[in-house]
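*Asks:* The structure that follows is given in the form of structure tokens.
The values are calculated or read from the model by the stated rules, or taken from the named source; none is laboratory data. Everything numeric in this text was worked out from a predicted model, so none of it was measured. In this analysis, Cβ positions are derived from the backbone assuming ideal geometry, glycine residues included, and neighbour counts consider all displayed protein chains. Calculation scope for accessible area: heavy atoms of the full protein, side chains included, ligands and nucleic acids excluded. Shrake-Rupley method; radii C 1.70, N 1.55, O 1.52, S 1.80 Å.
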There are 10 protein chains.
Amino acid sequence: MKSGVLIHPGLLEMLASSGHTDELLVCDAGYPVPAGVPTVQLAYRPGHAPFLDVLAVIVGTIHIERASIASEADTDLGIAIDDVLGLTADRIEHSSLKRRARSCRGAIRTGEYTRYANVILTVGVAF
Amino acid sequence: MKSGVLIHPGLLEMLASSGHTDELLVCDAGYPVPAGVPTVQLAYRPGHAPFLDVLAVIVGTIHIERASIASEADTDLGIAIDDVLGLTADRIEHSSLKRRARSCRGAIRTGEYTRYANVILTVGVAF
Amino acid sequence: MKSGVLIHPGLLEMLASSGHTDELLVCDAGYPVPAGVPTVQLAYRPGHAPFLDVLAVIVGTIHIERASIASEADTDLGIAIDDVLGLTADRIEHSSLKRRARSCRGAIRTGEYTRYANVILTVGVAF
Amino acid sequence: MKSGVLIHPGLLEMLASSGHTDELLVCDAGYPVPAGVPTVQLAYRPGHAPFLDVLAVIVGTIHIERASIASEADTDLGIAIDDVLGLTADRIEHSSLKRRARSCRGAIRTGEYTRYANVILTVGVAF
Amino acid sequence: MKSGVLIHPGLLEMLASSGHTDELLVCDAGYPVPAGVPTVQLAYRPGHAPFLDVLAVIVGTIHIERASIASEADTDLGIAIDDVLGLTADRIEHSSLKRRARSCRGAIRTGEYTRYANVILTVGVAF
Amino acid sequence: MKSGVLIHPGLLEMLASSGHTDELLVCDAGYPVPAGVPTVQLAYRPGHAPFLDVLAVIVGTIHIERASIASEADTDLGIAIDDVLGLTADRIEHSSLKRRARSCRGAIRTGEYTRYANVILTVGVAF
Amino acid sequence: MKSGVLIHPGLLEMLASSGHTDELLVCDAGYPVPAGVPTVQLAYRPGHAPFLDVLAVIVGTIHIERASIASEADTDLGIAIDDVLGLTADRIEHSSLKRRARSCRGAIRTGEYTRYANVILTVGVAF
Amino acid sequence: MKSGVLIHPGLLEMLASSGHTDELLVCDAGYPVPAGVPTVQLAYRPGHAPFLDVLAVIVGTIHIERASIASEADTDLGIAIDDVLGLTADRIEHSSLKRRARSCRGAIRTGEYTRYANVILTVGVAF
Amino acid sequence: MKSGVLIHPGLLEMLASSGHTDELLVCDAGYPVPAGVPTVQLAYRPGHAPFLDVLAVIVGTIHIERASIASEADTDLGIAIDDVLGLTADRIEHSSLKRRARSCRGAIRTGEYTRYANVILTVGVAF
Amino acid sequence: MKSGVLIHPGLLEMLASSGHTDELLVCDAGYPVPAGVPTVQLAYRPGHAPFLDVLAVIVGTIHIERASIASEADTDLGIAIDDVLGLTADRIEHSSLKRRARSCRGAIRTGEYTRYANVILTVGVAF
């Protein structure tokens, strides 16, 4: 079986297909993922898979050069996200985030039950 | 969004499509799910989603009339599974379990990193 | 088999895939469901499955934060819908309802033979 | 919209595709429909769509020359089925019925919550 | 086998999927059915299946509230169509008819070899 | 548009894909076409498209070196078939015909309402 | 096997699906067939299948009411095309031809290695 | 555009997917290609694409280590095939050839109108 | 097996499907290939398959009439690309290159880990 | 973009889908991959991608508990494979290896041009 931090076949396929400046949405269980955006479903019960846990796995697998979260998010949530990312995410209006989500290359739906636990990752480059 | 204990679209679809005596496999991250068996992927990192946690969600959603686990499983694991199931699972040889898995209606792959953390559920009936 | 109030595999999958602010159409047997909108077919004979009965099952399964019905609907029908929903649906022109139906995430076609027995549900959030 | 007693697109397509001696399964909500048999899902909540109601619609739409039910079925259920069919169904063992179900051309799953509310219809011919 | 006036699986499925105000095109063998419009092929040789015969079967199966034919059609053809429909079809320019055909829900191509033997049916409602 | 005696896209594709010794079933409206055999649906109402008419079109389009009909068929029907074919079809038991139908390359279902109006054509070669 | 001048299953299907005023592109081996236009591939080696030979087969199978070629084409090629068509093709700019090719119903790619050996056929009607 | 002797996208894909000991069928226009064997259609009119011409293109593109033809083939045809292949094909009974054709990796159907113009190529290796 | 310089089935199919003026993108491992553009994946580890090596194989297989690279590319990289191409690529802004990439007929993703190792090839013609 | 030693989306998906005792084939460019076995194509030109290089990437990504190579392989090749694997592969007859390849979960085709450069990996477990 596969070794390493990420072992989900579909999520691996999605991440390895993305390139520099592509955007990926990692979202809470209530986010309205736009029709047509390929989605990896990790939500199975309220709160699980947890948002920050899934985010950490993704951060450990791809290069990220920028991230955006809703300015409406709770301050602690924002700090926790920055902490996992290892960078400071842009704070943008939730309505802008939703607009940009429509052209994301993929979405990862977690089971998080926390308002505004959504982030758009801008994929970075390894070289 | 959907209320209740189970919020995964594909797992709900799989469970609601099963009938009396159909069999479902819930397995650890290393189980070789037979080709051709529809699979819900919940494994995303070592240990997560945890086997007993996923099993509890399934137990809370469908009727189960029998269950089978490998006799090779650790005693504590067997007790924990029985506890979540609310019934005593049959202990059968792992090789029998693998044979029966081939004709399961569906498989749910968790991220569990524990040997023999696999169970075949025989679906029960509500009336 | 699955326990609980809703046992239709495809309808469960549709409801669990929807998120906050997504819209779902529940309609009578004569409604022209727009091409391209995924549809769960529950109509099998005139009047069955009944609109209010199906609506009640959906209301028991998802969070709803708003609903819209045609102002042309019979007063009693409107009251009955509000009663099942547990909230007062917006009354909008049937022509507006038809326009919004085009971007619904899904449609559930009942067998109801009552004029204007249609409602657009705006999905709510559990947290 | 279509007139007449049957208004379900998929069920009409299934019935019109069947020919003389083809077999169709109409079953309760708990029946384990064999993988690979095309299925029309009419079950949406416990008891609905009701078995006898759906059966009556099918009887009103196709020619049937024989029917088989489980001898384990309750006597009253058997009489009610015969009554809807307008003929006396064969009583066969439930295990035989399950074997034959595997080669049915199609299955119609109702929401019935009654044990042995299953019938295999042998399609008749109009000329 | 299915009883009644219409026994084509695909045509039954198309008709039962249509709703109030949806439009359906019934056309001659030479009509350029727009790409993307689902089509039931009934043309097999010049003149067969005949346009008026197919139209009569459709009229006997669905509710129709309006119909449109090309004003360029022969007077006798128009009368014959009205006669089968049991209503007077609108006469519109052939070019308008072709424009509207692009958004039809479905097309039924007959084998008719008569100029302007085309009609757009606006589906009616049973209640 | 295509000229000539046969104008059905799917039937042309089926006939042109067949080769020497392949078998094709042309059948009445009640024949139970085996699952998995590609089928061209020409049946739209009782009696139409007529069996002999469709057969004549096929005979005019492909080379046929042998044909088989059920010995149970009415004598006049057999003569009429031979007449259209331009050769004397083998008379075999209906049960043999049904067995061979399972491995036919394709089936053409007409709307014929006449018992045993079925023929298996063995495709011939042009050189 | 099929008799007659055209024996390619896919090309027959394409031609029989076209109607009056539909356009079809027959092109040389180097033509950039627009993405999304269904294509029959007849090119297998430089020069083969030859453009005029394929064109003759198509001309013998469908009704054509107009044709357009690039005015940049060699005079002899234009005359040869007219000769096969039995009509005088319109001479239009190659850039116009490429624009119209985007909305063709189908394309037939030959193996021709001659510049501007492309024609857009406007399908005619048999009645 | 692609340079070289073979310019057919599907045939290139088929040939490059084959490996040592895989078998490919190149056949005349009347050969009954077994259902399920992927087929490249090069037949468009009687005699074209010609068998030996297509064979030569394939021989120029892949390594072949053995070939088999029907012993019933005309002596001159056999010599011509050997000549194109650059090796002496095995002569086997046509019935054996048909049996082996069922497990071929692919088939290339030419338009050849010559009896027994069929060859099974056993793919060779470049190293 | 296939002989010659290019042995990838999917890449051969893509190249042989392209025509004069079609554009193909050959890119480094980090390039964000636009959704909807068919892609051949050759990247398997950092640096491999190498960009110039893959480019050389493509250059040896198709006619190219023009090429474009980012003016931001390292001078040595540009020279190396020109050298492999046998022509001088246009230097355009990376942002223009990305815009044009959206309408490319196909993309070949190499494993190159070098900035701006991307080229858009404009397909040429053999005659 | 994805970090780490393996960056091919399809290969990652295949490896992460495999479980304990599943078998994977890594093969040279001439191996006849059995029809029906999902295949990742890495061969693009003779010798590339190289077998040992691809094998090393796979070894760095999954757990392997056993491996089998053909006893007919060159001694040096066998040693090199063992070296990359970090274990001693079983030597079995090439004919056995080919038999087992038919039930492999997946195949990775390299561009290697060396005889018997094939290995069947038996997937191991991480816990």
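*Asks:* Quick one: residue E:44 ticks every box in (1) in contact with a Leu (Cβ under 7 Å, 6 or more places away or on another chain); (2) within 13 Å of chain G (Cβ to nearest Cβ); (3) open to solvent by 10 Å² or more (accessible area, probe 1.4 Å) bar one, so which box is it?
*Replies:* Checking residue E:44 against (1) in contact with a Leu (Cβ under 7 Å, 6 or more places away or on another chain); (2) within 13 Å of chain G (Cβ to nearest Cβ); (3) open to solvent by 10 Å² or more (accessible area, probe 1.4 Å), the one that fails is (3).
*Asks:* Let me ask something else. Scan (1) farther than 30 Å from residue H:16 by Cα; (2) at pLDDT below 95 for the single condition residue I:36 breaks and write down its number.
*Replies:* Going through the list (1) farther than 30 Å from residue H:16 by Cα; (2) at pLDDT below 95, residue I:36 breaks only (1).
*Asks:* Need a quick list: helices (runs of 4 or more DSSP H) entirely within the range C:42-114 having at least 1 residues that are basic (Lys, Arg).
*Replies:* C:94-101
*Asks:* Check whether at least one residue in the range D:63-71 is out of contact with any Pro (no Cβ under 8 Å at 6 or more places or on another chain) and within 14 Å of chain B (Cβ to nearest Cβ), and report yes or no.
*Replies:* Within the range D:63-71 (the criterion being out of contact with any Pro (no Cβ under 8 Å at 6 or more places or on another chain) and within 14 Å of chain B (Cβ to nearest Cβ)), the answer is yes, since at least one residue qualifies.
*Asks:* Report, ordered by the first and then the second residue, all pairs with beta carbons closer than 9 Å, sequence separation of six or more or different chains, a first member in the range I:110-127 that is without any contact (Cβ under 8 Å) to a residue 24 or more places away in the chain, and a second member that is in a loop (DSSP other than H, G, I, E, B) and open to solvent by 30 Å² or more (accessible area, probe 1.4 Å).
*Replies:* Sorted first by the residue in the range I:110-127, then by its partner, the pairs are I:127/G:46; I:127/G:112; I:127/G:113; I:127/G:114; I:127/G:115.
*Asks:* Do the conditions hold for residue G:4, that is, is it part of a helix (DSSP H, G or I), closer than 23 Å to residue F:40 by Cβ and either of a type outside the set (A, V, I, L, M, F, W, C) or within 14 Å of chain I (Cβ to nearest Cβ) (or both)?
*Replies:* No; evaluated as a whole, the condition is false for this residue.
*Asks:* Here is a follow-up. Every residue in the range A:14-24 that is in a loop (DSSP other than H, G, I, E, B) and open to solvent by 10 Å² or more (accessible area, probe 1.4 Å), please.
*Replies:* Scanning the range A:14-24 gives A:20, A:21, A:22.
*Asks:* Among (1) within 14 Å of chain G (Cβ to nearest Cβ); (2) under 12 Å from the mean Cα position of the chain (by Cα), there is one condition residue I:53 misses while meeting the rest; what is its number?
*Replies:* With respect to (1) within 14 Å of chain G (Cβ to nearest Cβ); (2) under 12 Å from the mean Cα position of the chain (by Cα), residue I:53 is out only on (1).
*Asks:* A further question on this structure: Can you name the residue in the range I:25-39 that is under 23 Å from residue H:2 (Cβ atoms) and surrounded by 24 or more Cβ atoms within 10 Å (Cβ to Cβ) and is also nearest to the other protein chains (Cβ to nearest Cβ) among such residues?
*Replies:* I:27
*Asks:* Output the number of residues of the range F:5-33 satisfying the condition of being closer than 19 Å to residue G:16 by Cβ and either among the polar types (S, T, N, Q) or modelled with pLDDT under 95 (or both).
*Replies:* The number of residues fulfilling the criteria is 2.
*Asks:* Same structure, new question: Among the candidates F:110, F:114, single out the residue that is more than 20 Å from residue F:18 (Cα to Cα), of a type in the set (S, T, N, Q) and touching a helix residue (DSSP H, G or I) at 6+ places or on another chain (Cβ under 9 Å).
*Replies:* F:114
*Asks:* On to the next question. In this structure, is residue E:16 within 14 Å of chain G (Cβ to nearest Cβ), in contact with a Pro (Cβ under 9 Å, 6 or more places away or on another chain) and among the hydrophobic types (A, V, I, L, M, F, W, C)?
*Replies:* Taking the combined requirement at face value, the residue does not satisfy it.
*Asks:* From the set of residues in the range J:85-125 that are open to solvent by 40 Å² or more (accessible area, probe 1.4 Å) and within 22 Å of residue A:4 (Cα to Cα), which is farthest from the other protein chains (Cβ to nearest Cβ)?
*Replies:* J:87
*Asks:* Let me ask something else. Mind checking which residues of the range F:54-79 are without any contact (Cβ under 8 Å) to a residue 60 or more places away in the chain and either open to solvent by 30 Å² or more (accessible area, probe 1.4 Å) or polar (S, T, N, Q) (or both)?
*Replies:* Within the range F:54-79, F:56, F:59, F:60, F:61, F:66, F:68, F:71, F:72, F:74, F:75, F:76, F:79 qualify.
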